[in-house]
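Below: the structure, in structure tokens.
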Amino acid sequence: MTVATAPIPQANPGAGYRARREEIDAAVARALASGWYILGQEGRAFESEFAAWLGTTHAVGCGNGTDALALTLRGLGIGPGCAVATVSHTAVATVAAIEMAGAVPVLIDIDPRHYTMDPAELAAVLDAPPPGLPPIRAVIPVHLYGQAADLDAILPVCARHGVAVIEDCAQAHGATLDGRKLGTFAAAACFSLYPTKNLGALGDGGIIATSDEHLAGRLSALRQYGWKQHYISDEVGVNSRLDELQAAILRVKLTHLDEGNARRQDIATAYDDAAGARAPSRRAGASHVFHQYVLRVADRPAAQAHFRAAGIGTGIHYPVPVHAQPAYRGRVALGPARCAATERAAAEVLSLPMYPELTDAEVARVCAALRELV
Ligand SMILES: Cc1ncc(COP(=O)(O)O)c(C=O)c1O
């Protein structure tokens, strides 16, 4: 069918570039003119500006968010002979990173209201791990869609068991819990800087935040062949570096992140009004930065068709839980709930357009289509 007005994509990283084109082009020109393209002053400046913005003492750039998680596990000494608990309702990257580090994933179900790790099931798994599993040495809560996992419950359980916590902040740049920024609660926090993220590069990128100086030093070495000194590998590392062009772009984008998050929150408030009882749950004490605005719909194909007919793109995050994907099916350990809530969510979640550059008129169009649906 023909749509009278321009289509509204679900995500639009190009709009993020166009909105800051002059500043970004100038930053790119500066990085190009410097003659230094990997691990130079743009990268160092971005790391210190990001750490200052977040409230940690260190931040270490790397190639992408998946590497950030794998490097952090390795940096904490977690690898072969260890298990790591996370969720199945996440980007496959979280689980892939655990296996990249050589550890075994164990997948915990979600609290279906907030789509984040169910702390009660985590406690049950730590008390009585599934048979045949190596010891669980770390837990990776994912702050999915831009909202905090239940750290108030998860952190004490992990502390009781002496298990490290790594926050997966890939979707939660700037979100808070109890007035404190996510990414400052645990041993380390891993951020993806993929173009569609709340803080997105124009290519791949990742960054690890920590206030542990020793860990930061290890991560800086591990991301580059285990070098502390050039060309001398003290241990086996990898090549996962944030390049200078992306760092220069990210320095610009970081200065607009809080404003972008506030705009996302305003859009979410408008969507909430149209969604009524279907509006996503907000965790008490948390501020949600709406990386995604996610509805639940019983008949998802019909809902997608409804939005499509109005020229509105939708997304599904994520259609198949990690444990049910062909590469993982039957091979990853699950908690006692067998990820039942995860499977129900995967069948029903639907993400609406969400990025700061949506115009008020576009938001109104999405709201009108949403009102017709609910
Ligand atoms: C929750 C979560 N964790 C990890 C990642 C991995 O990030 P990247 O795509 O930068 O490797 C992503 C992004 O896709 C993500 O959404």
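Values computed for the structure shown
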item	result
Test result for Val106, within 23 Å of Gly226 (Cα to Cα), in a strand (DSSP E or B) and in contact (Cβ under 8 Å) with a residue 24 or more places away in the chain	no
Residues (part of a helix (DSSP H, G or I) and either within 16 Å of the ligand (Cβ to nearest atom) or aromatic (Phe, Trp, Tyr) (or both)) located in the stretch 283-315	Phe307
Answer from Asp150, Asp168 - the residue that is within 15 Å of Ala284 (Cα to Cα) and outside the structural domain of Leu352 (by TED's automatic domain parsing)	Asp150
Ile38 vs. criteria crowded, with 21+ Cβ neighbours inside 10 Å and not assigned by TED's automatic domain parsing to the domain that holds Met354	no
Matching entry among Arg251, Arg218 (being within 23 Å of Gly146 (Cβ to Cβ) and basic (Lys, Arg))	Arg251
Hits in the stretch 10-50 - residues which are over 29 Å from Ile312 (Cα atoms) and in contact with a Gly (Cβ under 6 Å, 6 or more places away or on another chain)	Gly43, Glu47
One residue from Pro280, Pro321 being within 16 Å of the ligand (Cβ to nearest atom) and either in the same structural domain as Val125 (by TED's automatic domain parsing) or touching an Asp or Glu at 6+ places or on another chain (Cβ under 9 Å) (or both)	Pro321
Total residues in the stretch 137-160, condition of a type in the set (A, V, I, L, M), more than 16 Å from the ligand (Cβ to nearest atom) and over 17 Å from Ala188 (Cβ atoms)	2
Number of the condition not met by Ala97 [criteria: (1) out of contact with any strand residue (DSSP E or B) (no Cβ under 7 Å at 6 or more places or on another chain); (2) surrounded by fewer than 24 Cβ atoms within 10 Å (Cβ to Cβ); (3) within 23 Å of Ser240 (Cβ to Cβ)]	(2)
Candidate set from the stretch 161-177 (those that are touching a helix residue (DSSP H, G or I) at 6+ places or on another chain (Cβ under 7 Å) and either free of Cβ contacts under 8 Å to residues at least 12 places away in the same chain or over 20 Å from Leu242 (Cβ atoms) (or both)); member that is nearest to the ligand (Cβ to nearest atom)	Ala175
Arg74 vs. criteria in a helix (DSSP H, G or I) and surrounded by fewer than 16 Cβ atoms within 10 Å (Cβ to Cβ)	no
Qualifying helices (runs of 4 or more DSSP H) (wholly inside the stretch 4-61; at least 2 residues being under 30 Å from His214 (Cα atoms))	41-54
In the stretch 177-222, residue nearest to the chain's Cα centre (by Cα) [restricted to those that are more than 14 Å from Glu47 (Cβ to Cβ) and hydroxyl-bearing (Ser, Thr, Tyr)]	Ser192
Residue list for the stretch 197-228, restricted to those being basic (Lys, Arg) and within 11 Å of the ligand (Cβ to nearest atom)	Lys197
Number of positions in the stretch 178-196 that are closer than 24 Å to Ile249 by Cα and either within 10 Å of the ligand (Cβ to nearest atom) or basic (Lys, Arg) (or both)	8
Qualifying residue in the stretch 326-339 (condition: hydrophobic (A, V, I, L, M, F, W, C) and part of a helix (DSSP H, G or I))	no
The lone exception for Asp258 - which of (1) touching a residue at least 60 places away in the same chain (Cβ under 8 Å); (2) over 18 Å from Glu49 (Cβ atoms); (3) among the acidic types (Asp, Glu) it fails	(2)
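The values are calculated or read from the model by the stated rules, or taken from the named source; none is laboratory data. Because the structure is predicted, anything quoted here is derived from the model rather than measured. All Cβ positions, glycine included, derive from the backbone under ideal geometry; neighbour counts span all protein chains shown.
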